[in-house]
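This report concerns only the one structure given below.
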Amino acid sequence: FGQNLRDLFQMGTVNLSVAVWVGFIALFGIAADGGVVMATYLDQLFDRKKPKTSAELREVVIEASTRRIRPTLMTTATTILALLPVLTSTGRGSDIMVPMAIPSVGGMFLQIVTLLVIPVLYYMWKEFKMKKELS
């Protein structure tokens, strides 16, 4: 109680530098990869099953998202685990590497939201197209 969390976790201030922007670029690449894995499998399953009703559409989205959740979570977990030594380093070069790893690790925790958002948006888009074709 009353403990400064920055002191507790030994966190200093990090200036927005080129290294931080490189970390953001890496994060965007990894996050886009997770979305591509999910969307590609959704496309493949839609082409294979060709759902006709909204209920069938929902079943296909649930099946595709449950099958691709493990590879996406594994990518997220390996990225976080690989960057933990970089985040905790204090030796030579850590003044550049730690700010580069901070956006990637923080963004990987938000990557988990992508696992939920992409299938929902995909379902909404396909349902809209299906209703548009019927009318």
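Can you compute the modelled spin-label distance between Phe46 and Leu121, with each label point 7 Å from Cα toward Cβ, in nm?
About 1.3 nm, to one decimal.
At R0 = 30 Å, how high is the FRET efficiency between Phe24 and Lys131 if r is their beta carbon distance? Nearest 0.05 is fine. Present the calculation step by step, with values, prior to reporting the outcome.
Values: r = 38 Å, r/R0 = 1.26.
Efficiency computed from Cβ-Cβ geometry: 0.20.
Taking just the alpha carbons, could you work out the radius of gyration and Dmax for region 11-86, both in angstroms?
My reading of the Cα-based Rg and Dmax gives 17.6, 56 Å.
Restricting everything to alpha-carbon atoms, can you work out Rg to Rh for region 65-135 with a Kirkwood hydrodynamic radius?
We get a ratio of 1.26 for region 65-135.
Which of the chymotrypsin sites (Phe, Trp or Tyr not before Pro) found in region 1-69 are loop residues per DSSP with 15 or fewer other Cβ atoms within 10 Å of their Cβ?
Numbers: sites: Phe1, Phe9, Trp21, Phe24, Phe28, Tyr41, Phe46; in loops: Phe1, Phe9.
Sparse-neighbourhood loop chymotrypsin sites (Phe, Trp or Tyr not before Pro): Phe1, Phe9.
Give me the accessible area per residue for the chain, probe 1.4 Å, as a whole number in Å².
Details: 9370 Å² over 135 residues.
About 69 Å² of surface per residue is accessible.
Given an 8 Å cut-off on Cα distances and at least 6 residues of separation, report the relative contact order of region 1-121 as a percent. Write out the running numbers ahead of the final one.
Numbers: 89 pairs, mean separation 49.1, N = 121.
41 percent.
What's the angle, to the nearest 10 degrees (0 to 90), between helix 18-49's Cα axis and the longest principal axis of the chain?
Compared with the principal axis, the helix lies near 20 degrees.
Any idea what the dipole of region 47-135 comes to, in debye rounded to 20, about its Cα centre with Lys/Arg Cβ at +1 and Asp/Glu Cβ at -1?
Working: 13 positive and 7 negative charges, 87 e Å.
Result for region 47-135 is approximately 420 debye, rounded to the nearest 20.
Once the principal axes of the Cα atoms of the chain are found, what is the range along each, listed largest first in whole angstroms?
62, 34, 24 Å, listed from the longest principal axis down.
Which percent of the accessible area of the chain is formed by carbon and sulfur heavy atoms (probe 1.4 angstrom)?
On the way: 6260 of 9370 Å².
Roughly 67 percent, rounded to a whole number.
What accessible surface, in Å², does a 1.4 Å probe find on Leu110, ignoring ligands, DNA and RNA and rounding to the nearest 10?
My reading of the accessible area for Leu110 is about 120 Å².
Testing the spin-label approximation: label points 7 Å from Cα along Cα→Cβ at Thr78 and Ser94. State their distance in nm.
According to this spin-label approximation, the distance is 2.7 nm.
The values are calculated or read from the model by the stated rules, or taken from the named source; none is laboratory data. Treat the numbers as computed from the prediction; the structure is a model and nothing was measured. Don't worry about glycine lacking a Cβ; one is built from the backbone with ideal geometry, like all the others, and counts go over all protein chains shown. All accessible areas refer to the heavy atoms of the entire protein, side chains included, with ligands and DNA or RNA removed. Shrake-Rupley method; radii C 1.70, N 1.55, O 1.52, S 1.80 Å.
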